[in-house]
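Colleague: The following block contains the structure, expressed as structure tokens.
The values are calculated or read from the model by the stated rules, or taken from the named source; none is laboratory data. Please read all numbers here as calculations on a predicted model, not as lab measurements. Don't worry about glycine lacking a Cβ; one is built from the backbone with ideal geometry, like all the others, and counts go over all protein chains shown.
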Amino acid sequence: MVEGAPLLREGRKGQKLFEGSNPSLSASPIACFISLSQQCAFARIEAPTGRATAGLDYQLSPSMSLYGRWEETNGLASKYSLDDSTQSQAVVFGIRRLDDEGGSIHSELRLRDGMNSQELEAVSGLNQTFALSDTVDAHFIAERLEILEGSTRSATALGGGLDFGDQTWQGTTRLEWRRLDASSLTPLDDTTDSVMASVSFARKMSGDWTGLLRNYALITDARDQRGSQMQNRFQLGAAYRPRGMSSLDVLLRYENKSERNSELVSLESRNVHIASTHLNWHPNHKLWLSGRVAVKDLRETLGGVEDTYQAYLVSGRVTHDVTDRIDVGVMAGVMGSPDSKAREEVYGLEVGYRVKDNVWLSAGHNFAGFSDRDLSGREQTERGWYLRLRMKFDEKWLQSWLE
């Protein structure tokens, strides 16, 4: 979990966009980059793809650098997951060569879904950036993935997009095409094509409010299947984060998730609407209170049977600093449905330790709990023991940590 990371982008003339931290805008990409004399560290987390990335680049010369990167995705797709559109992990080691025209050529070794030689992949690719104006960049990428060890398939990827932003607007568009080669383990031609499109807009509506609109779409078509699969996620949000030192921040969010699988005879589909409000209140330097209210409306078809379901969630957490390094927390929540009298509860205790400035490691136990793929969110709502990592960082904090 990442808290308090800035929604920050450097314009072509060095201007900072959406300056400052905004922990409540967790539905948008939040990233932090810091560059020292010969090394650059970065961390990024975004939704709805659930992609988390962290890494380090080391500059060998003005035109060449070594880099390592870790990425985990639990969502639509990952740039390191040409073979998997749901959940994946990757550890990457590579070398990059830059040219004078905004392009780069890279060669990588990727250890996918675990540190073992059975999932070793070699990747070569080209990434080109064109400056269309002071505030707009165009990107093009081409990659070829070959399997060195493992049972996955080789793949090719082509993509492009635009990044733009000024003092009021920030946006990103992406379009990617990927092809998985046919497997040698089956006599059928299971070549698989997928197309992913994403659009993201953020607007600074005032000094205290930021608006966000995002949409991800993924279509996958395998030649040995009769139909295709589609996933689409749309988000619309507004974050309230007063300038200066404020004890309150609020996130209002609407989300729509749509899934369709026409590869099956029953034509399975799922469509859910979610509305939620998230609040964080810090009345003094020792006490943190957070709460969330969410409702959802679900319509799905399984095995040819159509069903509807509505549910609500109310939850809260109180965290108190016992010392400068140790805090304790209490979490409680209830999920129910107006369609029935059934209710499920979650409540538990948590102890946290500040490992380093702005980094906390917490261990907790929920004495009762539940699981819901739409309403649980980032919270640990299942019954039992768990560990939770919290971070709050900006570019100044990363620089001090590296030094």
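Colleague: Among the charged types (D, E, K, R), modelled with pLDDT of 60 or more and in a loop (DSSP other than H, G, I, E, B), is that true of E71? Even if it seems obvious, please write down each step before you answer.
Modeller: Details: among the charged types (D, E, K, R): yes; modelled with pLDDT of 60 or more: yes; in a loop (DSSP other than H, G, I, E, B): no.
Considered against the rule, which asks whether it is among the charged types (D, E, K, R), modelled with pLDDT of 60 or more and in a loop (DSSP other than H, G, I, E, B), E71 comes out as no.
Colleague: Separate question: Please go through the stretch 310-348 and pick out each residue that is in contact with a Leu (Cβ under 8 Å, 6 or more places away or on another chain) and of a type in the set (D, E, K, R).
Modeller: Once the filter is applied, which keeps residues that are in contact with a Leu (Cβ under 8 Å, 6 or more places away or on another chain) and of a type in the set (D, E, K, R), the stretch 310-348 yields R317, D321.
Colleague: Quick one: in the stretch 373-391, which of the residues that are outside any loop (DSSP other than H, G, I, E, B) and not basic (K, R) is surrounded by the most Cβ atoms within 10 Å (Cβ to Cβ)?
Modeller: So the residue we want is M391.
Colleague: State all residues of the stretch 321-338 that are over 21 Å from W385 (Cβ atoms) and free of Cβ contacts under 8 Å to residues at least 24 places away in the same chain; if no residue qualifies, say none.
Modeller: Within the stretch 321-338, T323, V334 qualify.
Colleague: Every residue in the stretch 135-160 that is modelled with pLDDT of 85 or more and either among the aromatic types (F, W, Y) or at positive phi (or both), please.
Modeller: Hit for the stretch 135-160 is F140, nothing else.
Colleague: Just one of (1) surrounded by 14 or more Cβ atoms within 10 Å (Cβ to Cβ); (2) farther than 30 Å from S61 by Cβ; (3) among the acidic types (D, E) trips up D189, so point out which.
Modeller: Unmet condition: (1).
Colleague: Answer yes if at least one residue in the stretch 252-263 is under 30 Å from A155 (Cα atoms) and part of a loop (DSSP other than H, G, I, E, B), and no otherwise.
Modeller: Scanning the stretch 252-263, I find at least one residue that is under 30 Å from A155 (Cα atoms) and part of a loop (DSSP other than H, G, I, E, B), so the answer is yes.
Colleague: Mind checking which pairs have a first residue in the stretch 224-235 that is touching a residue at least 40 places away in the same chain (Cβ under 8 Å) and farther than 23 Å from A182 by Cβ and a second that is among the aromatic types (F, W, Y) and part of a strand (DSSP E or B), Cβ under 8 Å, 6 or more apart or different chains?
Modeller: Q231/Y216; R233/Y216; Q235/Y254
Colleague: Do we have L289 as assigned to a loop (DSSP other than H, G, I, E, B), more than 24 Å from the chain's Cα centre (by Cα) and among the aliphatic types (A, V, I, L, M) here?
Modeller: For L289, the condition - assigned to a loop (DSSP other than H, G, I, E, B), more than 24 Å from the chain's Cα centre (by Cα) and among the aliphatic types (A, V, I, L, M) - is not met.
Colleague: While we're looking at this one, here's another question. Would you point out which residue out of D327, D357, D321 is exposed (fewer than 14 other Cβ atoms within 10 Å of the Cβ) and acidic (D, E)? Spell out how you get there, then give the answer.
Modeller: Working: D327 fails: exposed (fewer than 14 other Cβ atoms within 10 Å of the Cβ); D321 fails: exposed (fewer than 14 other Cβ atoms within 10 Å of the Cβ).
From the options D327, D357, D321, the qualifying one is D357.
Colleague: In the list L213, L185, which residue meets the criterion of being among the aliphatic types (A, V, I, L, M) and modelled with pLDDT of 90 or more?
Modeller: Result of the check over L213, L185: L213.
Colleague: So S206 clears everything in (1) free of Cβ contacts under 8 Å to residues at least 24 places away in the same chain; (2) part of a strand (DSSP E or B) except one condition, right? Which one?
Modeller: Checking S206 against (1) free of Cβ contacts under 8 Å to residues at least 24 places away in the same chain; (2) part of a strand (DSSP E or B), the one that fails is (2).
Colleague: A follow-up question, please. Of all residues in the stretch 339-372, which are without any contact (Cβ under 8 Å) to a residue 24 or more places away in the chain, of a type in the set (S, T, Y) and part of a strand (DSSP E or B)?
Modeller: Of everything in the stretch 339-372, just one residue is without any contact (Cβ under 8 Å) to a residue 24 or more places away in the chain, of a type in the set (S, T, Y) and part of a strand (DSSP E or B), namely Y347.
Colleague: Follow-up. Is there a residue being in contact (Cβ under 8 Å) with a residue 60 or more places away in the chain, in a strand (DSSP E or B) and in contact with a Gly (Cβ under 6 Å, 6 or more places away or on another chain) anywhere in the stretch 182-195? Give the steps one after another, and end with the answer.
Modeller: From the stretch 182-195, those in contact (Cβ under 8 Å) with a residue 60 or more places away in the chain are 194; that's our starting set.
Pick out the ones that are also in a strand (DSSP E or B) and you get 194.
Within this subset, residues satisfying the condition of being in contact with a Gly (Cβ under 6 Å, 6 or more places away or on another chain) are none.
So far as the stretch 182-195 goes, no, none of its residues is in contact (Cβ under 8 Å) with a residue 60 or more places away in the chain, in a strand (DSSP E or B) and in contact with a Gly (Cβ under 6 Å, 6 or more places away or on another chain).
Colleague: For the condition more than 22 Å from the chain's Cα centre (by Cα), modelled with pLDDT under 90 and on the phi < 0 side of the Ramachandran plot, what is the one hit in L126, L111, L132, L120?
Modeller: Numbers: L126 fails: modelled with pLDDT under 90; L111 fails: more than 22 Å from the chain's Cα centre (by Cα); L132 fails: modelled with pLDDT under 90.
So the residue among L126, L111, L132, L120 that is more than 22 Å from the chain's Cα centre (by Cα), modelled with pLDDT under 90 and on the phi < 0 side of the Ramachandran plot is L120.
Colleague: Going through the stretch 118-165 one residue at a time, which ones are touching a residue at least 40 places away in the same chain (Cβ under 8 Å), surrounded by 15 or more Cβ atoms within 10 Å (Cβ to Cβ) and assigned to a loop (DSSP other than H, G, I, E, B)?
Modeller: T135, T152, R153
Colleague: Something else about it: Condition first: farther than 17 Å from S276 by Cβ and out of contact with any Lys or Arg (no Cβ under 7 Å at 6 or more places or on another chain). Now tell me which residues in the stretch 310-323 satisfy that.
Modeller: To start, the set of residues in the stretch 310-323 that are farther than 17 Å from S276 by Cβ comprises 318-323.
Selection gives V318, T319, V322, T323.
Colleague: Please work out if S198 is buried (at least 18 other Cβ atoms within 10 Å of the Cβ), assigned to a strand (DSSP E or B) and of a type in the set (S, T, N, Q).
Modeller: Numbers: buried (at least 18 other Cβ atoms within 10 Å of the Cβ): yes; assigned to a strand (DSSP E or B): yes; of a type in the set (S, T, N, Q): yes.
Answer is yes for this residue.
Colleague: Further question: Is it true that some residue in the stretch 225-233 is in a strand (DSSP E or B), out of contact with any Lys or Arg (no Cβ under 8 Å at 6 or more places or on another chain), surrounded by 15 or more Cβ atoms within 10 Å (Cβ to Cβ) and basic (K, R)?
Modeller: There is no residue in the stretch 225-233 that is in a strand (DSSP E or B), out of contact with any Lys or Arg (no Cβ under 8 Å at 6 or more places or on another chain), surrounded by 15 or more Cβ atoms within 10 Å (Cβ to Cβ) and basic (K, R).
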